[in-house]
1. Report for the chain the percent antiparallel among DSSP-assigned beta bridges with both residues inside it, nearest 5.
2. If I fit a long axis through the Cα atoms of helix 58-71 and take the longest principal axis of the Cα atoms of the chain, what angle between them do I get, 0 to 90°, rounded to 10?
3. Compute the acute angle (0 to 90°) between the alpha-carbon long axis of helix 15-31 and the principal axis of greatest extent of the alpha-carbon atoms of the chain; round to the nearest 10°.
4. Considering the options SER248, ALA217, VAL313, tell which one lies farthest towards the positive end of the dipole of segment 210-330, charges being +1 on Lys and Arg and -1 on Asp and Glu at the Cβ, about the Cα centre.
5. Under 5 Å between amide hydrogens, which residues at least 5 positions from THR96 or on another chain qualify, with H placed 1.01 Å from N in the peptide plane?
6. 7 Å from Cα along Cα→Cβ at both GLU186 and ARG380: what's the point-to-point distance in nm?
7. To the nearest 20 debye, what is the magnitude of the charge dipole of segment 77-167 about its Cα centre, counting +1 on the Cβ of each Lys and Arg and -1 on the Cβ of each Asp and Glu?
8. Quick one: putting +1 on the C-beta of Lys and Arg, -1 on the C-beta of Asp and Glu, what dipole do you get for the chain around its Cα centre, in Debye to the nearest 20?
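Derivation of every value follows stated rules applied to the coordinates shown; laboratory data play no part. The structure displayed is predicted, hence computed values, not measured ones. Using ideal geometry, Cβ is built from the backbone for each residue, glycine included, and neighbour counts are taken over all protein chains shown.
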Amino acid sequence: MASETEPDALSPSDVDTAEVAFDELCGALAARDLKGLWSRPPLQPEPRPMTRAHLWRWDTVAPLARQAGKVLDLDSGDGQRRALQFCNPGLKAGTTEALFGAYQYLEAGETAPAHRHSPAAVRFMMTGSSVYTTVDGDACWMEPGDLVLTPNWAWHDHSNKSNQPAIWLDVIDVVLVATLESVFFEEHPVGMQELTGHGVSERRFAGPGLRGESGPAHTKPYSPLMRYPYAQTDAALGALHEQDGGQSVTVEYTNPLTGGPAIPTITCQMTRIYPGGLTAPRRQTGGQIHTVFRGRGRSVIGGTEFEWGPGDVFVVPSWVPVEHEVSETADLFIGSDRAVLEALHLYREEELAERQEVMGAFTPNTGGETPDPSLRVGARAESRLEGANG
């Protein structure tokens, strides 16, 4: 029988014993691949993104893309694609927490062989012409400002039928899909697809609100329309501004059958901003990749000023406020994971009552490259090669 002076083995009598017991508990948990919730940082009242606001200059990236065209031979299997990924310095991988953005380069008269993968991607044409991406047999022409979809597990290859190089933006949900450990990839057995025609999906949708009733029913979770021409986007933005006015207008590229996002994991939008001072400060959940198709201006992102022009790409992190101001009318293509957040009921946005205080200006990493006039944003090739319409 224990004496009255002996401590109870189940009731430590001093702090040192309690500390030893806590350390022993944590050690015992770790040895069994366990961890106490108390050892993790507490939940924060709002997002604290690892993604950083960042910007890449067109005049820096485009010459490197052309250099990649000289160094990497697609015919020899050098990765099959010349895509220069925008790597966010705050992340281990990705341009945002869910998406990778990249500029892809295709030389004059060149093809990039077909493959398919579980990550979905979109292509936004920056410069070049007489280029098409074939999606499951449908050859979709890509002119500057056009958006072309390459959905999850759809065969796709690229062809440049002009005498000039082409660059387009890729936005792909590979970071999200890799996090979910669900990446699959397959090369096409014969390299290039057999064409069923040019603009097949476009012919089924003759105009806004119109679609043909003939043909098989579309049962896929993504849009049946593979190409969204800039001419239609431009007209829609102009009509919206004429109707509603305001300093900016935005359109979303949607599935014409459902009204939902064109790609289930990527929200694609085009925002047109007009001169007249800063736009209202806003923030939303989910990182956004902004690509300047035309115009010049600046954005204040989390208190830092970013100056931009045609072809520049910049990131707005989740729940970080942003304001835009332009010196000339500007069109910004925006890719984000908003569609995923909305499906999971995690999306939020708000307009702030007060403007941000500018604490500094962003200085991009540049190598002093000389702009290449043949890679000017929006530039079109002078002519197609013979047989381009075949």
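1. About 95 percent, rounded to the nearest 5.
2. So the inclination is approximately 80 degrees.
3. Helix 15-31 sits roughly 40 degrees off the main axis of the chain.
4. ALA217
5. GLY101
6. If labels sit at GLU186 and ARG380, their model points lie 3.7 nm apart.
7. Value, rounded to 20: 220 debye.
8. Dipole magnitude for the chain comes out near 1400 debye.
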